[in-house]
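The block underneath contains the structure these notes are about, expressed in structure tokens.
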Amino acid sequence: MASVKLTVNGRKVSREVPDNTLLSEFLREELRLTGTHVGCDTSQCGACVVHLNGKAVKSCTTLAAATSGGAVTTIEGLANGGLHPMQQAFNDNHGLQCGFCTPGMIMTGVDMVNRYRAEGRELTEQAIRHELEGNICRCTGYHNIVRSIQDAASRM
Ligand code: FES
Ligand code: FES
């Protein structure tokens, strides 16, 4: 068993879990934060993306024990007294259909905007499409997802 101590969405949590518990399992099954989705378990779809210490990670291929001491933000923790600008932009630009991929798209989008801004790089449409290569959507054809991230970048 492993002792996992994390700050999740600003709240300190501590659990004893089997050594091989994935971060996605820890969030969904131990903490009941089911906004983090699991679509593949093979690190392809990106539905499980959360932020670990401010950076996007795929929680389905991250061991919970390896993150102990860190800070995790899930889709549930992104809104702060109202929708996050990225969530609002997805809403305004119809950036989702079934919604399964959406938590991962939004967490990836926030990371992308923050990273490009910190590095002083322009987040072009081409860059957004390239950055989304680790996130799969079966419904939208991506066009409105890209528009949503472009819109959010101007609001964040
Ligand atoms: Fe993690 Fe698909 S569930 S990448
Ligand atoms: Fe259905 Fe993306 S909105 S998978």
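The values are calculated or read from the model by the stated rules, or taken from the named source; none is laboratory data. This one's a predicted model, so the numbers in the text were calculated from it and none came from an experiment. All Cβ positions, even for glycine, are placed from backbone atoms using ideal geometry, and neighbour counts span all protein chains on display. Protein only, heavy atoms only, side chains kept; ligands, DNA and RNA dropped before computing areas. Shrake-Rupley method; radii C 1.70, N 1.55, O 1.52, S 1.80 Å.
Within the stretch 72-142, the trypsin sites (Lys or Arg not before Pro) that combine a DSSP coil assignment with at most 16 other C-beta atoms in a 10 angstrom radius are Arg121, Arg138. Ranking His94, His37 from most to least accessible surface, computed with a 1.4 Å probe over the protein chains only, gives His94, His37. Measuring between their Cα centroids, the stretch 36-82 and the stretch 115-149 lie 18 Å from each other.
Partners of Lys55 within straight-line reach, counting aspartates and glutamates whose Cα lies under 13 Å from its Cα and excluding those fewer than 8 residues away in the same chain: Asp111. Site pair Cys40 and Ala118 shows an inter-label distance of 2.5 nm when each label is modelled 7 Å from Cα along Cα→Cβ.
Only four residue types carry charge here, +1 at the Cβ of Lys and Arg and -1 at the Cβ of Asp and Glu. Report the dipole size of the stretch 63-156 about the Cα centre in Debye, rounded to the nearest 20. Can you show the working numbers first?
Working: 7 positive and 9 negative charges, 7 e Å.
Dipole magnitude for the stretch 63-156 comes out near 40 debye.
Within the shell of other residues whose beta carbon sits under 12 angstrom from the beta carbon of Gln87, the net charge comes to -2, with Lys and Arg scored +1 and Asp and Glu -1. The helix-based estimate of mean residue ellipticity at 222 nm for the chain, built from -39,500 (n - 2.57) per DSSP H run of four or more residues and divided by its residue count, is -9000 deg cm²/dmol to the nearest 500. When only the Cβ of Lys, Arg, Asp and Glu is charged (+1, +1, -1, -1), the dipole of the stretch 1-96 relative to its Cα centre reaches about 260 debye. Note on the stretch 1-51: with charges restricted to the Cβ of Lys and Arg (+1) and Asp and Glu (-1), its dipole about the Cα centre is near 320 debye. At full extension, Ser3 and Cys139 could sit 45.1 nm farther apart than now, given 0.36 nm per residue minus the alpha carbon distance.
Kirkwood Rh and Cα-based Rg: tell me the resulting Rg over Rh for the chain, rounded to two decimals. Before the final figure, lay out the partial values.
Details: Rg = 15.3 Å, Rh = 15.7 Å.
With Rg and the Kirkwood Rh in hand, the quotient comes to 0.97.
If I take R0 = 41 Å and measure r between the Cβ atoms of Arg15 and Leu83 in this structure, what FRET efficiency does the formula 1/(1 + (r/R0)^6) give, to the nearest 0.05? Don't jump to the answer; show the numbers that get you there.
Numbers: r = 29 Å, r/R0 = 0.72.
That pair, Arg15 with Leu83, gives E of 0.90.
Nearest 10 degrees is fine. How inclined is helix 102-118 to the longest principal axis of the chain, computing both from alpha carbons? Taking Cα atoms only, the helix is inclined about 70 degrees.
Ranking Ile136, Ile106 by solvent-accessible area of protein heavy atoms (1.4 Å probe, all protein chains present), from largest to smallest, gives Ile136, Ile106. Selection among Thr140, Leu33, Ala47 by position relative to the dipole of the chain gives Leu33 as farthest towards the positive end (Cβ unit charges, Cα centre).
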